[in-house]
Amino acid sequence: MVTLDRITVAAPLGVVYWVASEVERWPEFLPHYRWVKVLERAADKTVVEMAAWRPFGWFKYPTWWVSEMRLEPERAIRYRHIRGITAGMDVEWSLEEQGDTVEVRILHRWTGPPWPLIGGAAANLVIGPIFIHGIASRTLAGVKRKAESWFAGR
């Protein structure tokens, strides 16, 4: 399963990176995030527990996962899901300055859950396009709103 979500943000690279990497604060400005907790902090990685809602009209489906997060200042943020249904998923946030804007891309790669016969199909037909894309696109929109409003208010 591969999903790619992207958005263009009208703010400097440093501002966009700061908003994207401050995951503990995401629930403050991303209404679909229920919580983000740091479970472990080391020099080379941070282990974070994240929980979000995937809305379906009036119904909100709860999601949850634990990831190892590695920062590459002002270039990328990498996650490896280590617990939850998406364990084994690799996620890369890449940021590319384009004049006065920044393109932010979130790439998810995953072979699917370890369910015999249906794991790959579940990942490609349901989990990726409905859940991963549904949450990632909302996350990017919220990061864009926060970075642009913060930059405009300076």
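At a glance:
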| quantity | calculated |
| --- | --- |
| Pairwise FRET efficiency - residue 80 versus residue 125, Cβ, R0 = 25 Å, nearest 0.05 | 0.60 |
| The range 2-152: relative contact order as a whole-number percent, Cα under 8 Å and 6+ apart | 29 percent |
| Most to least packed among 127-134, 116-123 [average Cβ atoms within 10 Å] | 127-134, 116-123 |
| Shape call, the range 85-154: gyration tensor on alpha carbons, a/c limit 1.5 | prolate |
| Calculated from backbone phi, Karplus (6.51, -1.76, 1.60) coupling profile of the range 26-43 in Hz, x at Gly/Pro | 3, x, 5, 10, 10, x, 7, 8, 7, 6, 9, 10, 7, 9, 7, 10, 10, 4 |
| Phi-based couplings in Hz for the range 93-107 (Karplus 6.51, -1.76, 1.60; Gly and Pro marked x) | 8, 10, 10, 10, 5, 9, x, 8, 10, 10, 8, 10, 10, 10, 10 |
| Interchain or long-range residues, amide H under 5 Å from residue 11's placed H | 102 |
| Alpha-carbon centroids, the range 37-99 and the range 101-154: separation in whole Å | 10 Å |
| Exposure proxy order (Cβ contacts within 10 Å, fewest to most) of 67, 137, 21, 149 | 149, 137, 21, 67 |
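Only the coordinates and a few stated rules stand behind these numbers; no lab work does. Small disclaimer: the values here were computed from a predicted structure and weren't measured. Neighbour counts run over all protein chains shown; Cβ positions are idealised from the backbone, glycine included.
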